[in-house]
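FYI, it's all coordinate maths here, none of it is from the lab. Because the structure is a prediction, the values reported are computed rather than measured. All Cβ positions, glycine included, derive from the backbone under ideal geometry; neighbour counts span all protein chains shown.
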Amino acid sequence: MNDETIDSTNCSGDDVTGAPPPISAPAADEDFSIGFGKAYHALSDNCGLTTVVEALLKYPAALVYEIEQDRRWPVILALVVAICGCMATYGLVMGTFAGGVQYWAAPLKVVVGTFISAILCLPSLYIFNSLSGGRMTLPQTTGLLALFVALIGLLEVGFAPIIWIFAQSTNGVVFMGFLHLTCWIVGWLFGVKLLLAASTLVNRRPVTLLRVWSVLFLVVTLQMSTALRPLIAVPANGLLDGSKLFFMTHWFSCMQR
Amino acid sequence: MTSKQERRFWWIDLDPGALCRAGQFLDVAVDNPATQVRILSRMCLTIAVCAALYGAVFGVWRSPEQAVYAALKLPLLLFAVVLASSVVNTMLAQVLDVPLSLATVSLMMLTGMAVASVVMASLAPVVFFFTLQMPPPDPAVVGLPTAHPAVGPSLRIFRQLLVMHIAIIGFAGITGNLRLYATLRKLAPSASLARRVMVAWLIVSGFVGCELSWLFSPFICKPNYPPHLITRTYWEGNFYEHLYHALTGG
């Protein structure tokens, strides 16, 4: 089959017979990337953890650039480490409410639950991006997902002092649950904003179906929190409750109690 | 690409992302009959694998046996929808002034179903996770009548899962077929004609798909029935009669 009858490039636009095409910065009149895309260049330093975390907050477009380039795997590894650290810290603060076994159980569950949720949603992220006409490869999609989850984790760590204050000054499990839910949704909203901007930059076009995907991710994480309960209260029968409930059913039953 | 490179990079043709973009190769295939057989085989393989994967997730709540039955039936259902509706869709396209051959329409419909299958397969991990979160069916209710009180809790879970699966399959089906619009737009004399043909195909495929899914049922299987391949009593009525009776309480 010749080049005219089948796309001889792979999904990232690479000619499978040669070197990848150079990545060009978006034009200035592409208003979806003027603000976000200003820092669309290589990281000036190595792809160490502190560099990546700083870039995640201040100039995430540089990380998007690296994810598109050959240095994507060191960046993804740094983001994964950041996710582990941030989610473990958030879980630790979550565990200070009940104390005891939750000091280590809550961080473990938050880290494991986050990674499982991300892995469950990765195939749909890749396909939804492709459905919208995006040309991200699977490794690039993995990088973008890591970027998205890492920002959520970073923001949850930012909320940690506030959560700790309330954890020390209240006995209400329902209130703490509501507080954690609010913090998670706020982090998710900022993560979605980054994801949409980053995917638009990578694909050079808006990727509308990612809004649907982001809701799917939120629902999966909320259900995961119910599957791994208790996260806040003292566990009564082992680390996991064991009973199977939809997350909204669980919340309503907690509120009624 | 040389033939050696083509053999080496055969997997590119199976990339689900490229399929979901459904752009270049479909446009080329429409104009080049020599490529149609190859693309046809790829679409059939994609439907067989991806729909089977989702079918397994569809039936797994009831039992592993039902998962196998659903994995076998879902790809067959999609093929049956294409077989049943391709002729009438070709006629509709032609009376709507978009002259497409039966081969072209069949290829486009198979591509739409292939994209739908890929969408379903991509959501299969999430659906499987949610299925695991649901209480399993109570084995003690097998053989009881549906109206028996003991069947109620499991039946409720069954209905929730069924609604979830219908929503996902509906979303995948509509998305998969809407991906054809870009190609249809290139083949049609105008955008409005392309839209009319697209809407007509969606209505026909949806109408046929609902009835065929009824005939191919069960995919999950009610908790008070043992897992089985086909419900013979469903062949004595149709989906729309059942829906009418369900809505009117008859």
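Taking springs between alpha-carbon atoms closer than 10 angstrom, which of A:Val53, A:Val174, A:Val80 fluctuates most in the Gaussian network model of chain A?
Of the options given, A:Val174 has the highest mean-square fluctuation.
Could you list the square roots of 5 times each eigenvalue of the Cα gyration tensor of the protein assembly as shown, that is, the equivalent ellipsoid semi-axes, sorted largest first and rounded to whole Å?
They are 40, 36, 18 Å, listed largest first.
Using the Kirkwood radius over C-alpha pairs as Rh, can you work out the diffusion coefficient of segment B:142-248 via Stokes-Einstein at 25 °C, viscosity 0.890 mPa s, in µm² per second?
It comes out at roughly 149 µm²/s.
Between segment B:124-177 and segment A:66-136, what is the C-alpha centre distance in whole Å?
Cα centres, segment B:124-177 to segment A:66-136: 29 Å.
Listing A:Tyr90, B:Tyr181 from the residue with the fewest other Cβ atoms within 10 Å to the one with the most, what is the order?
Details: A:Tyr90 29, B:Tyr181 18.
Fewest-to-most Cβ neighbours within 10 Å comes out as B:Tyr181, A:Tyr90.
Would you mind computing the Rg to Rh ratio of segment A:148-257 from its alpha-carbon coordinates, Kirkwood style for Rh?
Computed over Cα atoms, the ratio is 1.04.
Taking a 26 Å limit on the Cα-Cα distance, which of the listed pairs A:Lys109/A:Lys244; A:Lys193/B:Lys186; A:Lys244/B:Lys222; B:Lys73/B:Lys222 fall beyond it?
Details: A:Lys109/A:Lys244 17 Å; A:Lys193/B:Lys186 34 Å; A:Lys244/B:Lys222 19 Å; B:Lys73/B:Lys222 17 Å.
Table pairs above 26 Å Cα-Cα are A:Lys193/B:Lys186.
For a distance above 23 Å, tell me the whole-number percent of Cα pairs in chain A that qualify.
Taking all Cα-Cα pairs of chain A, the fraction more than 23 Å apart is 54 percent.
Evaluate the distance, in nm, between pseudo-label points positioned 7 Å from the Cα of B:Leu178 and of A:Gln168 along their respective Cα→Cβ axes.
So the label points at B:Leu178 and A:Gln168 sit 5.1 nm apart.
Could you give the alpha-carbon Rg of chain B over 2.2 N^0.38 Å, rounded to two decimals?
Against the compact-globule rule of thumb, the ratio is 1.11.
Could you work out the percent of alpha carbon pairs in segment A:92-201 separated by over 17 Å, rounded to a whole number?
Every Cα pair in segment A:92-201 considered, those over 17 Å come to 60 percent.
Mind telling me which of A:Leu49, A:Leu196, A:Leu155 comes out most flexible in a GNM of chain A, alpha-carbon contacts under 10 Å?
A:Leu49
Could you tell me what % of all Cα pairs in segment A:161-221 have separations over 17 Å? Could you put the intermediate results ahead of the total?
Values: 942 of 1830 pairs.
Tail fraction, whole percent: 51.
Using R₀ = 35 Å, calculate the FRET efficiency as 1/(1 + (r/R₀)^6) where r is the Cβ-Cβ separation of A:Val234 and A:Leu49; round to 0.05.
The formula returns an efficiency of 0.55 here.
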